[in-house]
Amino acid sequence: MRITQGTFSYLPDLSDEEIAQQVQYALDNGWAISIEFTDDPHPRNHYWDMWGLPMFDLTDASAVVYEVNQCRAAYPQRYIRVNAYDARHDRQTTALSFIVHRPDHEPGFRLERGEHIDRRLRYTIHPYATDRPPGERYGFTSGDGHPRPPRQRGRRPAS
Amino acid sequence: MTGTRVRRASAAGGRRPRPCLRTDAVLGTDVLLETDAVADHDLSSTAMTSGSRTPPRGFRMPTPGRPHPEPPAPEPGTAEAAASPDSADPPLPPDATVDLAAERQASGIDEILDTLDRELVGLQQVKTRIREIAALLLVDRVRRRFRLTSSRPSLHMSFTGSPGTGKTTVALRMAELLHRLGCIERGHLVAVTRDDLVGQYVGHTAPKTKEVLKRAMGGVLFIDEAYYLYRAENERDYGQEAIEILLQVMENERDNLVVILAGYKDRMESFFASNPGISSRIAHHLHFADYSLDELMAIARLMLDRDNYRLSGAAEQTFREYLARRMRQPRFANARSVRNALERARLRHANRLLAASGRTWSRDDLMRFEPEDFLASRVFTGGV
């Protein structure tokens, strides 16, 4: 199941050039860009891991594309997204957030029924991927054999 | 602007529509999305609608009460038009001919080269080299239209010369020039020194250097006094780490970044001698010669013109004498010394006018330097 979330969730995956154009739009507006990755794509999981620090004062999108490619090389089997933060006084929120990379195989979600009082049912979704421990959820493929990237960037502890 | 609107959402107050996507933007080649966020920043100016500056990139949301902006037509010779000649034009047939003069006109490089000639005195060698580089890049662009592929020329440069010979100024012009020729996307100049690249503790240098490099991408990175990066006497100095990252990015991101190293000639030479990797990656070594006395006088005249001052006939003689003496003294910084001398002359000039009581001054008096404005200098009284 192809997971979608964020600003361009209804579109096919963006090409590198389209990513660069979106990022350039954000930079032209003076938004700060950050790159995040995760292997827990639940829609309510807001705490993705940071890839390096947020990037301020950029002028050209090629720097962001460069970092995205670095992150892809280190984590080919994770979800990677780009966030643009608008720091202006009355906004102060994420202005743009979209997925730029996804694992080869996405197992999707199952529906879980929970019994509640009075025979009521509560439903929730559960990603199949999170049945496995962090770091092994989308399989070990090239470059992802070790959970920690080179030079110890990102914050995910070894597991 | 007839694309189907896919989504529209309004922020608080409905004033600022969020990024909104049009299908033509996705399928077409143009950049998309421009919200009113930009317009909010410069409501004070009418630039958005009057077209007095280059139009913003991309589409804009139609907003009630605001004139509907036309999508900016890509100007010939801008980076957008130049960056993707392959996708934009069909290849020219082998027997076609091109008019290089027209190409040159369209690229707008003459304007920059002329400014360079006008604003910079002397420096013949440097100017010739810049013209050569510009010619090469222009011809390369035309060759690409015939599908004559060649490797992108290396554009990293080193500027050597004494202080005040115009290295930074030329670097600024160079950024603009490369931008017009479509070699770099933005054409901004990021000027840094050792402090901005080298960290203070273990593990600090790499992120710091990378951040600077990312900031400079799409433009020119100007490293002033680059030889400070390498300190031969301390082998554990973090500068070495910065140099390694710099080398790697200079090699891999050649299309996005042009690096210019600047500094005094002798020290740059020993820097290159101890870092052969850097020297071999720099294609253009430009030397900025010291100015002669006549050139310094021409520079002074340019500076005075810009600030609406002038020298009286006698003052011109005095100033010439002043420069001749100053050139023989230590710490002479060419054009920068000229500027400082003129700044001090302005002080004395103002003081002289104020001190003389009981008379009125004409417009010309307010513009004219007299010999006594220079004679009070320590250069004439024997000090340094």
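Each reported figure results from applying straightforward, stated rules to the coordinates on display, with no laboratory input. Because the structure is a prediction, the values reported are computed rather than measured. Heads up, the Cβs are rebuilt from the backbone with ideal geometry, glycines too, and the neighbour counts pull from every protein chain shown.
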Work out how much length B:SER270 to B:ARG306 would gain on full extension: take 0.36 nm times their residue separation and subtract the Cα-Cα distance, in nm to one decimal.
9.1 nm
How far apart, in nm, are two points set 7 Å out from the Cα along the Cα-to-Cβ line at B:GLN200 and at B:LEU148?
5.5 nm
For chain A, build the convex hull from the C-alpha positions and give me its volume per residue in Å³.
147 Å³
When only DSSP loop residues count, what trypsin sites (Lys or Arg not before Pro) in region A:1-98 have their Cβ near at most 11 other Cβ atoms within 10 Å?
A:ARG2, A:ARG44
Could you compute the FRET efficiency for B:ALA356 and B:GLU119, with r as their C-beta to C-beta distance and R0 at 35 Å, rounded to 0.05?
0.50
I want to check the label-to-label distance for A:ARG119 and B:THR169. Put each point 7 Å from Cα in the C-beta direction and report it in nm to one decimal.
9.0 nm
What is the ratio of the Cα radius of gyration of region A:16-101 to 2.2 N^0.38 Å, where N is its residue count, to two decimals?
1.04
Rounded to the nearest 0.05, what FRET efficiency do A:MET1 and A:THR93 give with R0 = 30 Å and r taken as the Cβ-Cβ distance? Could you check?
0.55
Between A:ASN45 and B:GLN317, what is the spin-label point distance in nm, taking each point 7 Å from the Cα along the Cα→C-beta axis?
8.5 nm
